[in-house]
Structure formats: C-alpha cells, structure tokens
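Reviewing the structure listed below.
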Amino acid sequence: MIIVPCPNCGPRNSGDLQNCGENISRPDPSTASLVEWREYLYMRENPAGWVTETWYCRGGCRRYFTIQRNTVTNEIRGQEAS
Amino acid sequence: MGKRPPKYSAAALVKHGLTRGDWPRMWRRPEMRDSYDVVIIGAGLHGLATAYYLAENHGITNVAVIDKGYVGGGGSGRNTAIVRSNYLTPEGVAFYDRSLSLYKTMANDLNLNIMFSERGHLTLAHTDSALRTMHWRAEVNKLQGIDSSVIDPQEVKEQAPSLDVSENTRYPILGALHHPPGGIVRHDAVVWGYARGADHHGTHIIQETEVLDINVEGGSGPGGKGAGGKVTGVRTTRGDISAPIVVNCTAGWASLISNMAGVPLPITTHPLQAAVTEPCKVFLPTVVVSGSLHVYVSQTDRGELVFGASVDPVGTYRVNGTLEFTEELAGHVLELMPGISKMRLLRQWSGLCDMTPDYSPVMGFTPVEGYLLDVGWGTYGFKAGPVAGETLAETIATGRTADLISSFGIERFTHGDLVGEKGAAAVGH
Ligand SMILES: Cc1cc2nc3c(=O)[nH]c(=O)nc-3n(C[C@H](O)[C@H](O)[C@H](O)COP(=O)(O)OP(=O)(O)OC[C@H]3O[C@@H](n4cnc5c(N)ncnc54)[C@H](O)[C@@H]3O)c2cc1C
Ligand SMILES: [Zn+2]
C-alpha cells in the first residue's frame, strides 16, 4: 500500500487517487514541432529513484498536486498543489 | 560446435537413476571476454531466444548474454505462461501467430519437454462493448487464418462448466472469444531450453554481472550519446566489453538501460502480480480471461489454479505483493467461479512489466547505430519470446528490419503511427 499525502485531504491510500505520471514540461502547442510534441506525449524517463510526479485526488477533493516519490522504495517527500 | 545438446531420453533417465550420476550442466559459467560481436543485455526469454537464433539460424556465436541476476530471474520466471495469437491488429496477429507455431515445434527443436498444453483460451465479455471488441477480433483473426470465434454463454458453460453463466450475477457473461490454439507452456523449461541451446553453440551466458553504462560515440546528446551516435560497447561490474552491437532485452528495466545510450523510451514500469492456490482435482480445462473483472485463471497439470490480474496502477520498480491485489482477485474470481470459495492461496508474487502507450512492443534499430531494442513486452512478452528472438536475430544478422516487426520500430512514436493493441492485450494474456 502506498500512502499519498493530498495537500487538501491528508494521507490517503493511493487507490483513492490517480497517478498521472512524471512531470514533464509541455511545449507550446502553437510553436512545437511534431517531433517535440510527440516526445512530450510519449517519451518518459521512468527512473529508478526519485521522480517528481502529479497525482489527481480522484476520490476526494479532485485537485491535482505534485509530490516526489522514490520509485524503488515508494517513499514520498514534498508536496504542493499544482 | 554444430551438434545437438545431449538428449534427455527415457534411456538417459534409467541410466542416471541407476548410476546416480550427475546430469550434465545445462549451460556453462564462462569467463567473460573483453570483446564480442554482439552483447545482449538481459538473460530472460527474449535475450536467450535472440542468442539462440543468432547461432542456430545465422551462425553468429561470438555473443554474450549478460544478466545482473540469474537466468530467467525477471519476468521470464514469473509469468503465468499463457500463449495465444488472437490479437486485434493484423500486425499483432501475424507476429504472435508465428510465435505460437515456434512453440508447437519447440520441444523437438530444443530437445526439452516444454509441456505445451494446447487447451484453448476464453476471453469473457460482460458488456456490449466488450462483446463488440470480441467480434472485431474474431473477424481480424479469421481473415488471417486464426481459429477464433465468438461463442454464447451456453457454449462457454460447455467449455468451462465451473463458470457461473447465469444472468443473476453482478457482471453476467454475455459471450466469449474462443481461441482453441491458445494454452499454457512450462515457462522455465522454455528459458532453460534456449539457454542450453545457445550455450551449446558457444554463446556466453554471463550471470551476476550488471551493465552499468553503454558506451556511445559521436551522438548529439550529452557525453556523445543519443541520436547520430555509434555504440562501442558496455561497462559492467566485471569490466568493459567492446562490441559493435548491443541489444536491450531488459523488459521492466528497459528504460534504465536505454537512457544509458541516450535513447529515451515510451515506457513506464509497472508491477504485475500473480497468485497460485493449493492443488486440487483438475476441473478447469481451458484458460479463462475476464477483461472487465481484471482477472484470468488457468489450472496447472498439478491442479493448482494460477491467477493473474492487471498491472498495479502506480508505476514502480518495487515488486512486493499487496493486499489490494488479493482482495480484488478473490472477489472477482468468486464472481466467475463461486464453487471455489474454500480454496486457499498458496503464494503470490510480482514481476516488472514495461508498458507502452499502445500495448505493442518496441523492436529493432534505434537512432544510435548498433544499439537495438527488444522491449515494451508489458504483460504479453512470454508468448512473444520465440518470434521476438527469431526476428531480432534476423534483423541483427542481415542489417535489415525483419518484415514481421517492421511496424514495431521506435520511430512509430515520432510518426504518430501507433499499433493499438489495447483491446486484445490489456489483462488479456
Ligand atoms: C506476473 C506476470 C505474469 C505474466 N503473464 C504472462 C502471460 O501469461 N503470457 C505472456 O505472454 N506474458 C506474461 N507476462 C509477461 C512476460 O513475463 C514478460 O513480458 C517476459 O518475460 C519478458 O521477457 P524478457 O526476457 O524480455 O525480460 P525478463 O525476463 O524480465 O528479463 C530481463 C532481464 O534483464 C536483466 N537486467 C535488468 N537490468 C540489467 C542490467 N543493468 N544489467 C544486466 N542485466 C539486467 C534482469 O535481471 C532480467 O533477468 C507476465 C509477467 C508477469 C510479471
Ligand atoms: Zn484531496
């Protein structure tokens, strides 16, 4: 079980939320090339270690927020609304 | 080399039984050289099959298969061993069907009983949309000569009498996709057979050796890696190896290896859990899958029920079992087969799966010369092992992408030309 701290609802079982994956900066759709856009859509670092990622509080306040999670231990630190 | 590995025969069994002599080792523990023609990272089914076909079909034997752990310690030793070819896209169907035909002759080809039980495969539909997808798959399958058809609940009951096909359940069974050529195979035997075959041709299987970096020169990224570069070898915990060709067969760890070459992948790593019950009298004659209920089940020849589910929703490299999995599994299995409520689970385990956005693999050449991919196997890489090895070996030996994998290249993500296999691969096994 992974306990995820929602800034609004407090600690929740990860099953109540949705993991939206690692944060990547979104290129400007009006200027991005197709290649840049598709890299943004599909390519991931998928690191073994600390990753900054977005969660959606699906079963609670329905807000998005960012945390850092260690993908090897599932330890979590830091948390801010996004 | 050339000659076949020693036979496992009834005569050999009697002889070893009487003399109590040691069986010959299936593969050696060779000293690692400092250069090879081909270095394959990952001694799972895919790495070993590739090595075997490189030697067997193309005479390329100056090859090392390197693993940080032991042979078959990744997904290849943890899967639920289901094989089938009733996929959704024409590319997928042709590819998986070739794998099934390699499985059919494998016991002979590798001279090892891989216990292929061609017992048929049922994918249940509990909703109209699922039933529609089953019809779609059946038509695609038939066009390519695959034995696959949609059957109604009564016919489902004939195939698997223990299933509850009444209308009073929470998720009534509306029909199923029936695929008689599907079945299960002894997964460890397949891995060992390829390892023994490759070793016999002179290929080096190097265990307990971790690849720490891939050496690339002339690339456009940091450190000369990435697009436009050329592979020169790998750095391992036992020293450097120079090699003009390096192949990534590391499934759940694929991104970590590919990032070493500066080739990012469209992959996230998720654990997939499975579980097995105590053995009981054999009552389940076929493989049963329910996509809507996120569960599948088959019974081994020893009588244990083997269960699997969908991948854990949170991507992680941690492979611990969870209570969520067992709880959901039990609930859903009892929905399908209320009769087994007294059976006890013996074990549960978990392995890493390399999930792609379109549920198809990523294979072949990359923007780095000499660096090839055989990844993105998600939850379906066991059935694909033989054909992946065969086509990748052909690609390496000829320098040309084999026809069967031409739509699985990494460039499909830049071209926006995905091979959407979700309707046949999510929880499909
Ligand atoms: C529970 C479960 C059930 C499954 N059920 C099915 C099924 O029914 N049917 C089906 O078709 N598929 C199934 N799969 C998927 C299938 O098991 C995998 O897709 C397949 O085994 C992948 O094989 P592979 O050889 O590519 O990778 P693996 O067998 O995972 O081997 C990768 C190897 O790479 C090694 N490695 C990683 N990093 C390094 C490094 N840095 N240096 C050296 N070596 C490294 C690892 O030690 C590992 O041995 C299932 C998977 C799981 C987890
Ligand atoms: Zn919340």
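The values are calculated or read from the model by the stated rules, or taken from the named source; none is laboratory data. Fair warning: this is a prediction, and the values are worked out from it, not measured in the lab. Reconstructed Cβ throughout: ideal geometry from the backbone, glycine too, with neighbour counts over all protein chains shown.
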query = So which residues in the stretch B:30-71 are out of contact with any strand residue (DSSP E or B) (no Cβ under 8 Å at 6 or more places or on another chain) and not hydrophobic (A, V, I, L, M, F, W, C), if there are any at all?
reply = B:E31, B:G44, B:Y52, B:Y53, B:E56, B:N57, B:H58, B:G59, B:T61, B:G69, B:Y70
request  = Inspect all residues belonging to the stretch B:309-327 and state whether any of them is away from chain A (no Cβ under 14 Å) and more than 30 Å from A:R38 (Cβ to Cβ).
outcome  = no
remark   = Of the residues in the stretch A:21-60, those that are within 14 Å of ligand 2 (Cβ to nearest atom) and either at the interface with chain B (Cβ under 8 Å from one of its Cβ atoms) or surrounded by 15 or more Cβ atoms within 10 Å (Cβ to Cβ) (or both) come to A:T54, A:W55, A:Y56, A:C57
task = Mind listing whichever residues of the stretch B:238-297 are assigned to a strand (DSSP E or B) and either of a type in the set (G, A, S) or more than 22 Å from the chain's Cα centre (by Cα) (or both)?
result = B:G239, B:D240, B:I241, B:S242, B:I245, B:A274, B:A275, B:T277, B:S290
ask   = If you check B:E91 against the conditions, is it among the charged types (D, E, K, R), out of contact with any helix residue (DSSP H, G or I) (no Cβ under 6 Å at 6 or more places or on another chain) and under 27 Å from B:L352 (Cα atoms)?
value = yes
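Every residue, every condition in (1) outside any strand (DSSP E or B); (2) in contact (Cβ under 8 Å) with a residue 60 or more places away in the chain, yes or no:
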| residue | (1), (2) |
| --- | --- |
| B:V311 | yes, yes |
| B:G321 | yes, no |
| B:M343 | yes, yes |
| B:S350 | no, yes |
| B:C353 | no, yes |
| B:D358 | yes, yes |
| B:D374 | no, yes |
| B:G385 | yes, yes |
| B:A397 | yes, yes |
key: First in the stretch B:211-225 and in the same structural domain as B:E369 (by TED's automatic domain parsing), second anywhere and in a loop (DSSP other than H, G, I, E, B) and of a type in the set (A, V, I, L, M), Cβ under 6 Å, 6 or more apart   = B:V216/B:V368; B:S220/B:A227
request  = May I ask you to list the residues in the stretch B:102-132 that are under 19 Å from B:Y194 (Cβ atoms) and in a loop (DSSP other than H, G, I, E, B)?
outcome  = B:N111, B:L112, B:N113, B:I114, B:M115, B:F116
task = Would you tally the residues in the stretch B:133-160 being buried (at least 21 other Cβ atoms within 10 Å of the Cβ) and either under 24 Å from the mean Cα position of the chain (by Cα) or assigned to a loop (DSSP other than H, G, I, E, B) (or both)?
result = 6
request  = Hand me the list of strands (runs of 3 or more DSSP E) wholly inside chain A holding 2 or more residues that are in contact with a helix residue (DSSP H, G or I) (Cβ under 8 Å, 6 or more places away or on another chain).
outcome  = A:3-6
request  = May I ask you to list the residues in the stretch A:5-31 that are β-branched (V, I, T) and either at pLDDT 95 or above or within 16 Å of ligand 1 (Cβ to nearest atom) (or both)?
outcome  = A:T31
